[in-house]
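Down below is the structure, laid out as structure tokens.
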Amino acid sequence: MKLTRRSFAVLCLASVAPVPGQAAEILSLDRISGYLNGLASVRSAFTQINSDGTISTGTLYMRRPGRMRFEYDPPETALVLAGAGQLAIFDGKSNQAPEQYPLWRTPLHLILKRRVDLGEETMVVSHVFDGIATSVSLQDRRRPDRGTIRLVFSGPPVELRQWVITGSDGTETTVVLGDLDKDIELAASLFNIALEVEKWKR
């Protein structure tokens, strides 16, 4: 099926729909913090809608703290890696070295920290419930130029469903997650930026 803006919107709604027989309710910051801290390793399919309206799919790997990998499905050739304190963006259509940024300068840093405590953090700028899902928006108030990340959770039981990253220029990138495979064995090499650079040179 070809993904369009309309089908993506339907997918977003379906991804956070409550389970029949269970009443959705606002999730406390402490409960969400405990859930995030319990995500040691995760694998999930994802659908991404970019700021220009294009849609991509792929597989997400996350190993907390500090490591994440976005593998995109063909025909996309991009790869995004977080590891060793860096975020690297590989563009398969370019012969250039990957763009790299300190991870702490990106919104992803806020969920990849070793310990998340949203109840004590000053980075929570909103905590709302729309009748279906709980959304928490996070931003480093001292450095708003690094953007904002809005996490969307269903529950109870708590489950991370999607996030939206808003850049300082207002552009948005939304990632909708599929079912999460948790506590799985993920090789450290998946998040090794230097190793991936060598592969891309070949």
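The values are calculated or read from the model by the stated rules, or taken from the named source; none is laboratory data. Note that the coordinates shown come from a computational prediction; the quantities given were computed from them, not determined experimentally. We place every Cβ from the backbone using ideal geometry, glycine too, and count neighbours over all the protein chains shown. Protein only, heavy atoms only, side chains kept; ligands, DNA and RNA dropped before computing areas. Shrake-Rupley method; radii C 1.70, N 1.55, O 1.52, S 1.80 Å.
Quick notes on this one:
- Portion, in percent, of the accessible area of the range 66-150 that falls on carbon or sulfur, probe 1.4 Å: 47
- Angle between the chain longest axis and helix 5-15 axis [Cα atoms, degrees, rounded to 10]: 60
- Contact order relative to length of the chain, as percent, for alpha carbon pairs under 8 angstrom and 6 or more apart: 25
- Stretched out straight at 0.36 nm per residue, the stretch from K201 to T171 would grow longer than its current Cα-Cα span by 7.7 nm.
- Quick note on the range 146-195: its Rg to Rh ratio, both from C-alpha atoms and Rh being the Kirkwood radius, is 1.09.
- Placing a label point 7 Å from the Cα of I26 along the Cα-to-Cβ direction, the residues of the range 137-152 with a backbone N closer than 17 Å are 137-138, 151-152.
- The Rg/Rh ratio of the range 54-125, with both radii computed over alpha carbons and Rh defined as the Kirkwood radius, is 1.04.
- Within the range 108-151, backbone nitrogen closer than 14 Å to the virtual label 7 Å beyond the Cα of S51 toward Cβ: 145-149
- By the rule of a C-alpha distance below 16 Å, with chain neighbours fewer than 8 residues away ignored, the aspartates and glutamates paired with K113 are D30, E121, D140.
- Distance between modelled label sites at R143 and A97, nm, 7 Å Cα→Cβ extension: 2.1
- Probe 1.4 Å, accessible area per residue of the chain, Å²: 54
- Its residues counted as N, the chain yields a C-alpha radius of gyration over 2.2 N^0.38 Å of 1.01.
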